[in-house]
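So the structure is just underneath, and the comments pick up after that.
The values are calculated or read from the model by the stated rules, or taken from the named source; none is laboratory data. Nothing here was measured: the structure is a model prediction, and the numbers come from that model. Note: ideal-geometry Cβ built from the backbone for every residue, glycine included; neighbour counts use all protein chains shown.
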Amino acid sequence: MVKIGDISLGDFPLLLAPMEDVSDPPFRAVCKAQGADMMYTEFISSEGLIRDAIKSRQKLDIFDYERPVGIQIFGGDEEPMAMSAQIVDATRPDLLDINFGCPVKKVVCKGAGAAILKDVPKMIRLTSAVVRSTRLPVTVKTRLGWDEGSKNIEEVAERLQDAGIRALTIHGRTRTQLYKGSADWTLIGKVKNNPRIKIPIFGNGDVTTPEEALTMKNKYGVDGVMIGRAAIGYPWIFREMKHFFQTGEHLPPPDIEARVAVCREHLRRSVAWKGPVLGILEMRRHYGNYLRGLPHIKDFRTSLVMSKTLEETEEVLDKISVCYEGYEQAASGAPAVV
Ligand SMILES: Cc1cc2nc3c(=O)[nH]c(=O)nc-3n(C[C@H](O)[C@H](O)[C@H](O)COP(=O)(O)O)c2cc1C
């Protein structure tokens, strides 16, 4: 049984990755319904939180049905990180995650995200400041290192554990790799099998099928797997993986009715949470993934993207349902296009 503090996560939890502009409450709701064991918000700027920026504050919204859920923060300075940890604490998530892995320029230029992999003493200072400022279990998500020549995750893991974190997620790439190449799980396995490491280690990177998830469990011994892109437009991935672990067999992929139903649910939640304008606008990035693999879908996808109201969008979804009734999808779980 994997535990983080008092949170029990079962034998081999499947985590939904924090993803900017994707892992919001509407998306988390559909992933939870399909079996995600733990989920995170997208990263939230510690500076934004203490400035009380509306956008940052809205990202703190969590709901009881999502639990266990973690809020992820990032930043490069101790004081804002400590203060934002207190703000997060007051919103009562189940845990607080620190992002030491974001490779994006606007983040690393400020000495935050993956930049901190270049300065381990600073990483430890920031982590200790956060741990001291909250009663929540603190977890970290990071990468193997800054670049090929400085993969320091083994040292980083030990020192973060000593600083008081309660679980570590490792994305098997360096910062300079961004999302290129394929994730290397060898070092993730080494961290997990280091006898000094007692906290749960979750592996992340390029897990897109039930077989791959099982291989990561058996080959590298990780305590659980975090899924990012493969869940976008395909929240069934969690359910399919669990079924495969239990039975060794594949669930049939969702039929068109199920696809449209979950897309509709996502859409409705998006409108309810973000309002009629933003809710419609921000769903646009998801349609391609929900409809992936359907032949000749381009015109329908264009109509969805052009729709301006919930009613209009739902009408297009109805037409898709009718048009593709009985269509059987062959394969599932291919990486999403984001
Ligand atoms: C669109 C997008 C946004 C992301 N935003 C975040 C983020 O806010 N915080 C974070 O720790 N990682 C973020 N990531 C990285 C993912 O959490 C994950 O580590 C990465 O996608 C690799 O996992 P995957 O191969 O399963 O997608 C993001 C990734 C994507 C594709």
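Scanning segment 209-230 for residues that are of a type in the set (Gly, Ala, Ser) and within 8 Å of the ligand (Cβ to nearest atom) yields a count of 2.
All of (1) buried (at least 23 other Cβ atoms within 10 Å of the Cβ); (2) over 18 Å from residue 47 (Cβ atoms) hold for residue 114 with one exception: (2). For residue 30, indicate whether it is out of contact with any strand residue (DSSP E or B) (no Cβ under 7 Å at 6 or more places or on another chain) and surrounded by 15 or more Cβ atoms within 10 Å (Cβ to Cβ). The answer is yes for residue 30.
Of the residues making up segment 20-40, those that are touching a helix residue (DSSP H, G or I) at 6+ places or on another chain (Cβ under 9 Å), within 14 Å of the ligand (Cβ to nearest atom) and more than 18 Å from residue 267 (Cα to Cα) are 36, 39, 40. Residues considered: 55, 110. Of these, the only one that is more than 30 Å from residue 235 (Cβ to Cβ) and either touching a residue at least 40 places away in the same chain (Cβ under 8 Å) or basic (Lys, Arg) (or both) is 110. If you go through segment 230-262 and keep only what is among the small types (Gly, Ala, Ser), within 17 Å of residue 304 (Cβ to Cβ) and assigned to a helix (DSSP H, G or I), you end up with just 261. What are the pairs, 6+ residues apart or on separate chains, where a residue within segment 206-226 that is over 16 Å from residue 36 (Cα atoms) has its Cβ under 8 Å from a residue that is within 10 Å of the ligand (Cβ to nearest atom) and of a type in the set (Val, Ile, Thr)? Between residues of segment 206-226 that are over 16 Å from residue 36 (Cα atoms) and residues that are within 10 Å of the ligand (Cβ to nearest atom) and of a type in the set (Val, Ile, Thr), the close pairs are 216/207; 216/225; 217/225. Residues that are hydroxyl-bearing (Ser, Thr, Tyr) and surrounded by fewer than 17 Cβ atoms within 10 Å (Cβ to Cβ) were ranked within segment 177-219; the one that is nearest to residue 251 (Cα to Cα) is 215.
Looking at (1) free of Cβ contacts under 8 Å to residues at least 24 places away in the same chain; (2) assigned by TED's automatic domain parsing to the domain that holds residue 294, find the lone condition where residue 263 falls short. Only one criterion in (1) free of Cβ contacts under 8 Å to residues at least 24 places away in the same chain; (2) assigned by TED's automatic domain parsing to the domain that holds residue 294 is unmet by residue 263, namely (1).
Here's the yes/no breakdown for (1) under 30 Å from residue 321 (Cβ atoms); (2) buried (at least 20 other Cβ atoms within 10 Å of the Cβ); (3) more than 21 Å from the chain's Cα centre (by Cα):
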site	(1), (2), (3)
175	no, yes, no
221	no, no, no
227	yes, yes, no
232	yes, yes, no
235	yes, yes, no
241	yes, yes, no
252	yes, no, yes
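Yes or no, residue by residue, for (1) over 21 Å from residue 3 (Cα atoms); (2) surrounded by 21 or more Cβ atoms within 10 Å (Cβ to Cβ); (3) free of Cβ contacts under 8 Å to residues at least 24 places away in the same chain; (4) touching a Phe, Trp or Tyr at 6+ places or on another chain (Cβ under 9 Å):
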site	(1), (2), (3), (4)
49	yes, yes, no, no
70	no, yes, no, yes
82	yes, no, no, no
105	yes, no, yes, no
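There is at least one residue in segment 268-283 that is touching a Cys at 6+ places or on another chain (Cβ under 9 Å) and part of a loop (DSSP other than H, G, I, E, B). So how many residues does segment 187-208 have that are within 16 Å of the ligand (Cβ to nearest atom) and not in a loop (DSSP other than H, G, I, E, B)? Matching residues across segment 187-208 total 7.
One residue alone among 156, 130, 140 is closer than 30 Å to residue 34 by Cα, assigned by TED's automatic domain parsing to the domain that holds residue 40, crowded, with 20+ Cβ neighbours inside 10 Å and within 16 Å of the ligand (Cβ to nearest atom), and that residue is 140. Inspect all residues belonging to segment 289-311 and state whether any of them is surrounded by 13 or more Cβ atoms within 10 Å (Cβ to Cβ), assigned to a helix (DSSP H, G or I) and either within 16 Å of the ligand (Cβ to nearest atom) or under 21 Å from the mean Cα position of the chain (by Cα) (or both). Within segment 289-311, one or more residues are surrounded by 13 or more Cβ atoms within 10 Å (Cβ to Cβ), assigned to a helix (DSSP H, G or I) and either within 16 Å of the ligand (Cβ to nearest atom) or under 21 Å from the mean Cα position of the chain (by Cα) (or both).
Of all the residues in segment 218-241, those that are touching an Asp or Glu at 6+ places or on another chain (Cβ under 9 Å) and basic (Lys, Arg) number 1. The test for being among the aromatic types (Phe, Trp, Tyr), outside the structural domain of residue 283 (by TED's automatic domain parsing) and under 22 Å from residue 168 (Cα atoms) does not hold for residue 63.
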